[in-house]
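Beneath this line is the structure, given in structure tokens, with notes to follow.
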Amino acid sequence: MQALNAVDIVKKYGERTVLDRFSLTLEPGGFEALMGPSGAGKSTFLHLAAGLIAADSGSISVGGVPVTDLSDSAAAKFRRRHIGVVFQDFNLLEDKTVRENIVLPLKLDHASVDMPRFWRLSDILGLSDKLDRLPAALSGGERQRVAIARALLPEPDIVLADEPTGNLDTRAAKGICGLLRRLNTLGKSAILVVTHDPVVAAATQKVNFLKDGRLAASCPTEGDPVRVSRLYLETCS
């Protein structure tokens, strides 16, 4: 059973077709990137996979459950348990502490918190001494680490990260890449990262290239940003 299985996704905005029979599959525990030119539909696909918007046609399943068939309320509940989302702008609640932000999806679902996992994530992400702070007291990199902890705590089938380093400086961005790579080994959660940065993509196992609304190619990254850059130019130019 795939962590994510998207088949022949079509999404239009008015007369513009953003995704044109786009298909993508991620296996459990996979760590992959999605790259493409600006406006290619990368973020749109992530929002579709998260059940935040609806496709015009095609199907998306997460952990074998057809997300495209769920009602809005059922999709929200399913997302809290099975899909972690990391946004570029963090989406933290400013009046809640780091601890409260991390456990929020589970609290909303009236689910118990796996405290050993909570403490392990907090330790790996360097948040153990910041749990009682408000987001305003954190740096951009620290805020993004809180968002990552929140996404991973329920051990979802998949984590969808939309430009997770886009608002960070180079040092913080490299730190986030290393953390995602390490966190990917902790459990069953697959991770799909949308990025324009070959350094970020090279931290993953495989990069998928989106062009003209379709999957143009999928290639192992071999951990090499230069290789990813060359493949991007060959595929998406």
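Side notes on the structure shown:
- Neighbour net charge for T204 - beta-carbon separation under 12 angstrom, K R +1, D E -1: -2
- Here the scattering of the chain is modelled by Debye summation over its C-alpha atoms, one equal scatterer each and no solvent; at q = 0.10, 0.18 Å⁻¹ the log10 of I(q)/I(0) is -0.44, -1.40.
- Within the shell of other residues whose beta carbon sits under 15 angstrom from the beta carbon of V10, the net charge comes to 0, with Lys and Arg scored +1 and Asp and Glu -1.
- Backbone HN-Hα couplings from phi across segment 179-191 [Karplus 6.51/-1.76/1.60, Hz, Gly and Pro as x]: 5, 4, 4, 5, 5, 4, 8, 7, x, 8, 5, 7, 10
- Fully extending the segment from D123 to S229, taken as 0.36 nm per residue of separation minus the present Cα-Cα distance, adds 34.8 nm.
- Per-residue HN-Hα couplings for segment 110-123 [Karplus 6.51, -1.76, 1.60; θ = phi - 60°; Hz; x = Gly/Pro]: 6, 9, 6, 9, 6, 5, x, 5, 4, 5, 5, 4, 4, 5
- Amide proton proximity set for S23, modelled H, under 5 Å, gap of 5+: D8, I9, L215
- The helix-based estimate of mean residue ellipticity at 222 nm for the chain, built from -39,500 (n - 2.57) per DSSP H run of four or more residues and divided by its residue count, is -10500 deg cm²/dmol to the nearest 500.
- Cut-off under 5 Å, modelled amide H: who pairs with V18 long-range: K11, K12, Y13
- Radius, Kirkwood style, for segment 1-131 when every pair of distinct Cα atoms is counted (Å): 16.6
- Choice from T97, T68, T170 with maximal GNM fluctuation in the chain (Cα, 10 Å cutoff): T170
- Net +/- balance of residues flanking T97 in space, Cβ distance below 15 Å, scoring K and R +1, D and E -1: +2
- Of S189, S128, S229, the sequence from fewest to most neighbouring Cβ atoms within 10 angstrom is S128, S229, S189.
- Close amide H partners of L34, meaning residues 5 or more places away or on another chain with modelled amide H under 5 Å apart, are V193, V194, T195, N208.
- Share, in percent, of DSSP beta bridges within the chain that are antiparallel, nearest 5: 55
- Contact order relative to length of the chain, as percent, for alpha carbon pairs under 8 angstrom and 6 or more apart: 27
- One decimal place: the segment H47-R214 gains 58.5 nm when fully extended, by the rule 0.36 nm per residue minus the C-alpha distance.
- Segment T17-E94, extension gain: residue separation times 0.36 nm, minus the distance between their alpha carbons: 24.1 nm
- ³J(HN,Hα) computed for each position of segment 94-104 - Karplus, 6.51 cos²θ - 1.76 cosθ + 1.60, integer Hz, glycine/proline x: 5, 9, 10, 6, 4, 4, 5, 5, 5, 8, 3
- Evaluated at q = 0.18, 0.24 Å⁻¹, the base-10 log of the normalised Debye intensity for segment 1-72, with identical point scatterers placed on the Cα atoms, takes the values -0.67, -1.15.
- Order of M1, M35 under a 10 Å beta carbon neighbour criterion, fewest first: M1, M35
Taken together, the values in this text are just the output of simple stated rules run on the coordinates, not laboratory data. Values in this document were obtained by computation on a predicted structure and should not be read as measured data. So basically every Cβ, Gly included, is an ideal-geometry build from the backbone, and we count neighbours across all protein chains shown.
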